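One structure is given below, encoded as structure tokens.
Bear in mind that the values in this text are calculations on the coordinates, not laboratory data. All values reported here derive from a predicted model rather than from experimental measurement. When we count neighbours, we look across all protein chains shown, and the Cβ atoms used for this are built from the backbone with ideal geometry, even at glycine.
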Amino acid sequence: MIILGPPGAGKGTQCERLVETFGLVQLSTGEMLRAEVKSGSELGQTAKEIMDAGELVPDDLIISMISSQIDQQSEAKGVILDGFPRTTAQAEALDVMLSEKSLSMDHVVQLEVDEDAIVERLSGRFSCANCGAGYHDTFSPPAEEGKCDKCGHTEFSRRSDDNPETVRSRLVAYREQTAPILPFYQDKGVLQSVDGMGGMEEVFDQIKEIVAGG
């Protein structure tokens, strides 16, 4: 299965819950690439040369890597793909690879969110510079302004990309690059949308119902 949604939609949290609840294995293309490079495998060496040159790892290499990982998950009850596919061409290539293994994409879940709310959610995040405790300007500020609840530290930091302009740019990139794969999976009858604006448990209940239903 795949979970789709823009930055800040909560994909990571929901993937973790699905792994715990259904015994699925999460395959992150980013983590797989790093592991292949670290292992020094032939695939990893090829990927490293490409990345060191500042180029994108080609789709066929990513597909080969995913194929190899799927072959190693014979005991798993299912797989969640994280970070792939992002384009229609990738989705089509993935479909061919799965068909060759007599497998199929059972569920593609789209987390629908309000973009203005995502901007507020992400741009309001900050953390304690000492212990890393997370806060939010609106939803979870420190009990005492300017002082960390956990360690009492008075200095905080924000991620450089957690500003409204950058967040909106990331949302535009998602719409332009990833959202076009939605019709591909809609045509296959495996795309289902859930309201991603509720609480974590509420969103998970919607996804859980989809997965449990087959």
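Just a few scattered comments:
- Principal semi-axes of the equivalent ellipsoid, √(5λ) from the alpha carbon gyration tensor of the range 66-135, are 35, 18, 11 Å from largest down.
- With helices as the sole contributors, the chain gives -14500 deg cm²/dmol at 222 nm; each DSSP H run of n ≥ 4 counts as -39500 (n - 2.57), and the sum is divided by every residue.
- Three-way shape label, the range 110-169, alpha-carbon gyration tensor, a/c 1.5: prolate
- For the chain, taking Cα atoms only, Rg and Dmax work out to 19.2, 58 Å respectively.
- Other residues within the sphere of radius under 12 Å centred on the Cβ of Leu103, judged by their own Cβ, net out at -3 (K and R +1, D and E -1).
- Compared with the dominant principal axis of the Cα atoms in the chain, helix 42-52 is inclined by about 50°.
- Neighbourhood net charge (9 Å Cβ-Cβ; Lys/Arg +1, Asp/Glu -1) for Asp137: 0
- Peptides 63-70, 126-133, 4-11 ordered by average Cβ neighbours within 10 Å, highest first: 4-11, 63-70, 126-133
- Reachable lysines from Lys77, criterion Cα separation under 30 angstrom, eight or more residues apart if same chain: Lys11, Lys38, Lys101, Lys188, Lys208
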